[in-house]
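The structure appears right after this line, and notes come after that.
The values are calculated or read from the model by the stated rules, or taken from the named source; none is laboratory data. No experiment lies behind these values; they were computed from the predicted model shown. Note that each Cβ is placed from the backbone with ideal geometry, even for glycine, and that neighbours are counted across all protein chains shown.
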Amino acid sequence: MQPSMSGRLKPIGKRMPAFKTWDIVKVPFPYTDRPVREWRPALVIGEGFLQQSHSLVWVLMITSARNQRWPGDVAISDIALAGLSAESVVRTAKIATIETIVAVKIGYLDIADRSAVREQMTKILEQSLFYREKPTTQGDSP
């Protein structure tokens with residue numbers, strides 16, 4: 001804050017939006033198979049330090065329930081609460097880091113769906129972080 005000519009405090013710069021885990025936002029989500037971004041809904045799963053220090057959040061893609069299902073997809077039970085217009089799923093396999101300045105909150109995930117998302121993300125992270133291939137040469141690390 002900085003004093004103005006009238007003596008009142010005025011904010012310096014643009015205030016960054018604040019998001020919480022389980023917020024549903026609309027963001028320019030990156031594609032892995034083409035160099036474009038499309039505005040689509042996403043679920044905030046990581047904020048805290050990322051948001052405070054870097055103005056970033058981790059989000060999971062939300063897609064239409066009509067699309068082919070992937071392992072780990074979680075159905076959204078209350079689309080109105082989520083701010084969505086069609087039946088949708090959280091695609092836990094697609095995670096992105098997004099700048100908060102480009103995100104707009106549209107809703108939040110119902111408490112009933114949160115444990116399923118948490119369970120799927122735990123499975124994915126455990127499989128990814130603790131997966132080890134057998135070393136192929138003596139120089140490979142275990």
| said: I'm told K105 meets every condition in (1) modelled with pLDDT of 95 or more; (2) not in a strand (DSSP E or B) except one. Can you identify the failing condition by its number? | reply: (2)
| message | Would you confirm whether or not the range 110-120 contains a residue that is touching an Asp or Glu at 6+ places or on another chain (Cβ under 6 Å), modelled with pLDDT of 95 or more and crowded, with 17+ Cβ neighbours inside 10 Å? | response | no
| said: Test of understanding: among V57, V36, which residue is more than 20 Å from K105 (Cα to Cα) and free of Cβ contacts under 8 Å to residues at least 60 places away in the same chain? | reply: V36
| query | Does any residue of the range 61-69 turn out to be touching a Gly at 6+ places or on another chain (Cβ under 8 Å), modelled with pLDDT of 90 or more and crowded, with 16+ Cβ neighbours inside 10 Å? | reply | no
| said: For Q51, only one of the following conditions fails: (1) at pLDDT 90 or above; (2) surrounded by 15 or more Cβ atoms within 10 Å (Cβ to Cβ). What is its number? | reply: (1)
| task | State whether one or more residues within the range 8-23 are within 22 Å of D110 (Cα to Cα), modelled with pLDDT of 75 or more and either polar (S, T, N, Q) or outside any loop (DSSP other than H, G, I, E, B) (or both). | result | yes
| request: Evaluate the range 27-34: report whether one residue or more is outside any strand (DSSP E or B), of a type in the set (D, E), surrounded by fewer than 19 Cβ atoms within 10 Å (Cβ to Cβ) and at pLDDT below 95. | output: yes
| Quick check: is even one residue across the range 65-81 touching a residue at least 60 places away in the same chain (Cβ under 8 Å) and of a type in the set (A, V, I, L, M, F, W, C)? | no
| said: Just the residues that are surrounded by 12 or more Cβ atoms within 10 Å (Cβ to Cβ) and either of a type in the set (D, E, K, R) or at negative phi (or both), please, taken from the range 70-87. | reply: W70, D73, V74, A75, I76, S77, D78, I79, L81, A82, L84, E87
